[in-house]
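These notes are about the structure you will find just below.
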Amino acid sequence: MARTRLYRNGVLESEDFPASDISDYLDDPTVTVWLDMCSPTAEDLQIISEELDLHQLAVEDAVHEHQRPKLDRYETHSFLTAYAVRLDITTGELDRLEVAAFITPRAFVTVRKDPDFDIEDVVRRWDSAPEMAKSGVGFLIYGLLDYVVDSHFASVQELDEQIEALEDLVFAEHVDDNEMQRRSLNLRKSLVTLRRVVLPMREVANTLMRRDMHVVDDTLMPYYQDVYDHVLRAAEWTDSLRDLVTTIRETQLALQGNRLNMIMKKVTSWAAIIAVPTAVTGFYGQNVPYPGFGKPEGFWVSTIAMVAISAALYWAFRKRDWL
């Protein structure tokens with residue numbers, strides 16, 4: 001289902017009119033038109049392609065999924081690809097919601113490649129600032145970018161909280177190492193995915209603010225600067241969190257190594273203590289005469305030797321913190 005809107009002189013005039021009527025309004029310089037399509041086919045886009053004279057390469061990119069975030073410029077329009085993101089708190093996995101957009105001087109066409117992309121939130125942002133609608137297509141682009149970048153910022157904030165919780169578990173006494181390893185790897189994977197989505201948005205926002213694009217006027221410039229600032233902060237935050245996850249993982253491995261060393265020292269120390277009575281009893285088990293052979297004092301000498309040597313070893317190991 002296609003959704004349409006018509007703004008005239010910055011005022012919302014009509015909605016949900018046929019997409020085939022868009023070209024009838026574009027000759028009016030006071031008009032701004034928005035068209036939204038969800039998971040369209042190449043045939044669906046062909047109609048709007050003829051209406052707006054869209055480049056064939058841009059139409060192909062709008063149909064095919066998993067494009068990188070970018071802003072391509074053509075003779076009559078520009079083509080934007082971006083991703084909103086959503087973090088699953090339970091698993092730590094990140095979902096990407098792809099959206100493409102065609103930008104012309106008087107028309108803005110969004111193509112949602114995932115039905116879960118919340119276009120209603122974008123519309124609410126437009127409706128919350130009707131005084132900015134006079135800025136035309138730039139205002140519509142700002143609403144979309146603001147939603148996308150806010151999803152990046154919200155996800156990186158949630159990832160920060162998840163990593164802080166993971167950090168607290170590193171020095172806990174009873175830790176499920178397998179679960180912690182799985183969790184840390186999922187978070188790192190999500191951070192890598194988020195970084196791939198966030199970093200290109202710096203170039204997208206920066207290009208849109210260029211004067212030769214004729215998209216951002218003086219009214220919108222502070223708002224685009226705010227979006228650009230959020231993009232930079234999200235990108236820097238993502239990089240720092242990725243380094244932190246790596247540090248947590250390395251710390252966990254180091255602690256596991258230390259625990260293993262402590263266990264090995266304890267096992268070796270107890271083995272050394274147990275070896276003493278084994279050696280003494282083995283010596284006194286010889287079938288040859290020796291001092292105390294066949295006499296009661298031989299038993300007491302061997303017993304005292306075992307206890308004394310074992311106690312000395314125990315004291316020495318405790319002093320070195322091996323037990």
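For the reader, a short list of remarks on this structure follows.
- Hits in region 246-261 - residues which are under 10 Å from SER184 (Cβ atoms) and not charged (D, E, K, R): THR246, ILE248, GLN252
- Applying the condition of being touching a residue at least 24 places away in the same chain (Cβ under 8 Å) and basic (Lys, Arg) to region 238-277 and asking which residue is surrounded by the fewest Cβ atoms within 10 Å (Cβ to Cβ) yields LYS266.
Rundown of residues vs (1) within 19 Å of VAL215 (Cβ to Cβ); (2) touching a residue at least 40 places away in the same chain (Cβ under 8 Å); (3) β-branched (Val, Ile, Thr), yes/no style:
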| position | (1), (2), (3) |
| --- | --- |
| CYS38 | no, yes, no |
| HIS55 | yes, no, no |
| LEU87 | no, yes, no |
| GLU98 | no, no, no |
| PRO115 | no, yes, no |
| ILE119 | no, yes, yes |
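- Candidates are the residues of region 171-227 that are out of contact with any Lys or Arg (no Cβ under 9 Å at 6 or more places or on another chain) and among the small types (Gly, Ala, Ser); the one that is surrounded by the most Cβ atoms within 10 Å (Cβ to Cβ) is SER190.
- Only one of LEU159, LEU166 that is in a helix (DSSP H, G or I), touching a Ser or Thr at 6+ places or on another chain (Cβ under 9 Å) and modelled with pLDDT of 90 or more: LEU159
- Checking region 133-151 against the condition returns a match, with at least one residue being crowded, with 16+ Cβ neighbours inside 10 Å, among the acidic types (Asp, Glu) and touching a residue at least 12 places away in the same chain (Cβ under 8 Å).
- Reported count of residues in region 171-200, each being in a helix (DSSP H, G or I) and over 20 Å from ASP150 (Cα atoms), is 12.
- ASP229 being more than 22 Å from the chain's Cα centre (by Cα) and within 28 Å of ARG73 (Cβ to Cβ): no
The values are calculated or read from the model by the stated rules, or taken from the named source; none is laboratory data. Predicted model only: the values in this text are computed from it and were never measured. Because the Cβ atoms are built from the backbone with ideal geometry, glycine has one as well, and the counts that use them run over all protein chains shown.
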